[in-house]
Amino acid sequence: MSKILIRGAKVLGGAPQDVLIDGEFIEAVGAGLSAEGAEVVEADGKVLLPGLVDLHTHLREPGREDSETVLTGTRAAASGGYTAVFAMANTFPVADTAGVVEQVYRLGKESGYCDVQPIGAVTVGLAGKKLAELGAMHESAAGVTVFSDDGKCVDDAVIMRRALEYVKAFGGVVAQHAQEPRLTEGAQMNEGVVSAELGLGGWPAVAEESIIARDVLLAEHVGSRVHICHLSTAGSVEIVRWAKSRGIDVTAEVTPHHLLLTDELVRSYNPVYKVNPPLRTERDVLALREALADGTIDIVATDHAPHPHEDKDCEWAAAAMGMVGLETALSVVQHTMVETGLLDWAGVADRMSATPARIGQLAGHGRPVAAGEPANLTLVDSAYRGEVDPAGFASRSRNTPYEGRELPGRVTHTFLRGRKTLVDGKLA
Amino acid sequence: MKRHLISAADLTRDDAVLILDTAEEMARVADRPIKKLPALRGRTVCNLFFEDSTRTRISFEAAEKRLSADVINFAAKGSSVSKGESLKDTAQTLEAMGVDAVVIRHSASGAPYRLATSGWIDAPVINAGDGTHQHPTQALLDAFTMRRRLVGPDAGLGQDLAGKRITLVGDVLHSRVARSNVALLHTLGAEVTLVAPPTLVPVGVETWPCEVSYDLDSVLPKSDAVMMLRVQRERMNAAFFPTEREYSRRYGLDGDRMARMPEHAIVMHPGPMVRGMEITAEVADSDRCTVVEQVANGVSIRMAVLYLLLGGNEPALTNPRTEEK
Ligand SMILES: [Zn+2]
């Protein structure tokens with residue numbers, strides 16, 4: 001049976017409708033569609049969104065399969081309602097050649113849980129010195145369009161300029177991890193009131209803001225497109241807002257955790273809160289939410305960063321930076337953006353599906369929920385309330401900052417080109 | 001008192017005064033022919049030092065031995081310990097050995113807090129200095145020294161430091177001694193002023209319960225105690241200030257500057273001193289400088305802390321004051 005009827009789903013949060021899937025595509029959307037010959041999924045007023053797209057995922061394979069593999073990472077993605085993820089390049093070996101990106105691309109195809117679009121490194125070995133073979137990665141089977149040294153900042157202004165210029169030849173985009181390295185030497189957390197008290201090395205907001213300011217100016221100068229990864233400060237928002245008002249082609253992402261958590265949590269010295277960029281202040285959090293609502297920040301990206309238990313079960317300074325995020329992202333966005341009235345579900349669909357697919361030029365994803373479109377869909381029980389229990393995660397790692405925290409919403413079904421990858425909250 | 005001593009900020013005014021009073025009793029032991037109390041007989045204390053500090057370790061060890069505790073010294077430096085997980089592993093080893101208290105020194109801020117709160121270990125944890133965070137027994141011994149010198153008869157028993165004006169000078173940014181002292185001195189009612197070049201004052205200091213000044217000369221005449229903080233030589237290469245000479249001119253304590261302090265005012269230093277740069281030999285060797293007393297007081301304070309966290313209920317000696325709590 002290749003037909004599926006999703007009955008009574010609030011498409012993008014609107015009035016309940018039926019959505020009929022035939023094979024890989026949506027055949028019809030409307031009221032009272034016939035279920036004849038179709039398997040019925042009762043949506044019971046759940047919210048139906050286009051399959052989510054994550055522009056910033058760390059899948060760890062190759063090299064750190066103890067943290068995550070393409071298979072476990074894509075299973076986590078499907079659990080979180082994602083149908084496509086962009087895999088960051090900071091693997092071992094680094095995804096800085098056509099060979100490595102093709103390997104990741106192939107593993108994604110084999111996993112079958114969600115599409116994996118590799119991101120290529122900007123520089124060889126993420127070392128920031130020499131451009132990687134950006135053209136070869138673009139021309140490879142993986143068709144790379146997004147390039148990033150994420151984890152490290154492309155801090156050399158000339159290299160950054162060259163990268164921005166070079167990718168224009170094939171419409172690529174450079175995604176910058178904005179972190180001035182000298183200003184963040186020894187950095188352990190946001191620099192401010194809490195770091196002063198805790199005696200942990202400060203990561204000042206200006207280290208992010210100064211790089212963003214430089215890069216939007218470089219993008220303007222060379223007429224290219226730049227994307228800012230995990231923007232985290234109120235000042236960064238102001239710079240991006242200014243750049244957009246000036247017509248500079250810049251896009252920006254915010255992570256779920258930067259929409260919810262603050263550096264006050266670091267008082268616990270619990271490394272589950274150790275992340276880069278660091279958790280900022282309440283004022284930053286509120287500015288980020290507003291900026292996501294008004295479109296200054298274009299998208300939500302998870303920065304899903306799995307780490308094994310032993311890399312977090314230690315003293316703060318020795319711990320790895322990062323949090324898992326794929327399986328909780330939508331809940332955090334519902335909590336911080338929808339339930340606060342800042343964004344409706346259509347807005348969520350835009351920020352978590354349509355726009356990330358557009359920035360990453362990923363065809364077939366982030367499409368409207370309409371007849372003739374690919375059936376990449378996510379069904380969300382937005383009325384659900386429950387505590388986050390990492391024991392149930394599909395990700396190989398459990399480093400979530402939300403353990404035991406009550407968050408709303410639960411993804412019950414995910415469809416990848418008409419095929420169920422998640423059914424009633426369980427992986428298919 | 002709490003079960004652990006991680007931060008000077010954990011102490012209430014009454015906790016702190018109790019520790020200072022108990023330390024006065026402990027100090028009397030040092031005057032006896034046999035400098036030993038049976039208080040912790042049969043208890044095992046581990047000095048867990050992930051960072052070298054012979055002075056602090058010896059001070060704790062002396063305190064533990066004067067209380068008749070069995071002492072295990074574990075120096076992680078030089079052993080096979082290199083990864084972060086070693087803290088947990090070591091803690092669990094100590095737990096399995098039935099250690100009754102852990103004194104920990106660590107280069108990472110928060111390591112003692114983590115040790116005390118992660119469920120790795122049950123024993124009380126005493127922070128003997130963590131990164132640039134806290135060194136609470138240092139602050140207590142400093143307060144003890146100030147109370148003896150500045151408050152007066154009977155070493156100020158039962159009293160705090162209300163109204164005393166204390167100035168801390170130097171590298172506040174990297175100083176756990178400064179963080180500990182600001183918290184404790186404030187709790188004890190003192191007025192604290194930090195003096196340093198702006199590069200050595202942390203961003204966020206405005207929420208601390210103290211004043212900040214960049215001008216030592218203006219603060220000296222209204223100081224009852226001036227505590228010089230250590231300035232590590234590596235700060236010079238990191239452009240925190242232009243030259244050693246310039247630092248010295250603006251923030252060093254020499255005889256001329258000491259003369260501007262009130263007559264009763266004392267000069268303190270957590271040691272070891274960098275003579276010439278932050279403090280001249282003339283000042284360091286003057287009888288207003290309490291560095292040697294601070295060392296002796298450190299043993300009394302650590303005895304008091306260990307006693308109160310471990311011995312608990314009975315009075316340390318015969319003074320009923322400890323029973324009031
Ligand atoms: Zn990053």
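Bear in mind that the values in this text are calculations on the coordinates, not laboratory data. This structure is a prediction, so every number in the text was calculated from the model and none was measured. Note that each Cβ is placed from the backbone with ideal geometry, even for glycine, and that neighbours are counted across all protein chains shown.
Tabulated results
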item	result
Residues B:K36 and A:E185, FRET efficiency given R0 of 41 Å [Cβ-Cβ distance, rounded to 0.05]	0.30
√(5λ) per eigenvalue of the Cα gyration tensor, chain A, largest first, Å	33, 24, 21
Equivalent ellipsoid, the stretch A:1-157 (semi-axes from 5 times Cα gyration tensor eigenvalues, Å)	38, 15, 14
Sites B:R250 and A:E406 - FRET efficiency at Förster radius 56 Å, r taken between beta-carbons, to 0.05	0.55
Relative contact order of chain A, defined on C-alpha pairs under 8 angstrom at six or more residues apart (%)	20 percent
Pairs beyond 22 Å (Cα-Cα), from A:K130/A:K152; A:K3/A:K420; B:K65/B:K164	B:K65/B:K164
Under 5 Å, built H, 5+ apart or other chain: amide partners of A:Q176	A:H227, A:I228, A:C229
Cα-Cα pairs of the protein assembly as shown separated by more than 50 Å (percent)	28 percent
Extension gain (nm, one decimal) between A:S2 and A:F92, 0.36 nm per residue minus Cα-Cα	28.4 nm
Net charge of neighbours whose Cβ lies under 14 Å from the Cβ of A:E403, counting Lys and Arg as +1 and Asp and Glu as -1	-2
Positive dipole terminus of chain B, leading residue within B:M97, B:P124, B:G156 (C-beta point charges)	B:M97
Listed pairs A:K244/A:K312; A:K46/A:K426; A:K129/A:K168; B:K2/B:K36; B:K35/B:K222; A:K109/A:K129 exceeding 28 Å between Cα atoms	A:K244/A:K312; B:K35/B:K222; A:K109/A:K129
Helix A:98-111 vs. chain A, principal-axis angle (Cα, 0 to 90°, nearest 10)	30 degrees
Built amide H within the under 5 Å cut-off of B:L194, gap 5+	B:L168, B:E211, B:V212, B:S213
Label zone at B:D215, where the point sits 7 Å out along the Cα-to-Cβ direction: the stretch B:239-279 residues whose backbone N lies under 15 Å	B:250-251
Prolate/oblate/rounded label for the stretch A:189-293 (Cα gyration tensor, a/c 1.5)	prolate
Where labels lie 7 Å past Cα in the beta-carbon direction, separation of A:T340 and A:K129 in nm	4.4 nm
Sites A:E65 and B:T117 - FRET efficiency at Förster radius 41 Å, r taken between beta-carbons, to 0.05	0.80
Computed over chain B: relative contact order in percent, which uses C-alpha pairs under 8 Å that are six or more apart	21 percent
Degrees between helix A:157-166 axis and first principal axis of chain A (Cα, 0 to 90, nearest 10)	40 degrees
Chain B shape via C-alpha gyration tensor axes, a/c threshold 1.5	oblate
Hull shadow area, averaged, the stretch B:212-310 [alpha-carbon convex hull, nm²]	7.9 nm²
Most mobile listed residue (B:E61, B:E282, B:E206) in chain B, GNM with C-alpha springs under 10 Å	B:E206
Sequence-separation-based contact order of the stretch A:100-236, relative, with Cα cut under 8 Å and 6+ spacing, percent	20 percent
5 Å-binned pair-distance histogram of the stretch A:165-235 (Cα, whole percent)	4, 16, 22, 19, 15, 10, 7, 4, 2, 1
Helix-only [θ]222 nm of the protein assembly as shown, DSSP H runs n ≥ 4, -39500 (n - 2.57) each, per residue, nearest 500	-8500 deg cm²/dmol
Modelled label reach - A:L286, point 7 Å along Cα→Cβ, the stretch A:184-220 residues with backbone N closer than 18 Å	A:193-194
Fraction of beta bridges assigned by DSSP in the protein assembly as shown that are antiparallel (%, nearest 5)	35 percent
Inter-label distance for B:A238 and A:E238, nm, one decimal - labels placed 7 Å from Cα along Cα-to-Cβ	2.8 nm
Gain upon complete extension [B:D15, B:E263; 0.36 nm per residue less C-alpha separation]	86.2 nm
For the protein assembly as shown, with +1 on Lys and Arg beta carbons and -1 on Asp and Glu, the positive-most of A:F147, A:L5, A:T91 along the dipole	A:T91
Interchain or long-range residues, amide H under 5 Å from A:Q117's placed H	A:V85, A:F86, A:A87
Hypothetical label at A:D249: residues of the stretch A:353-373 whose amide nitrogen lies under 19 Å (7 Å Cα-Cβ projection)	A:355-363
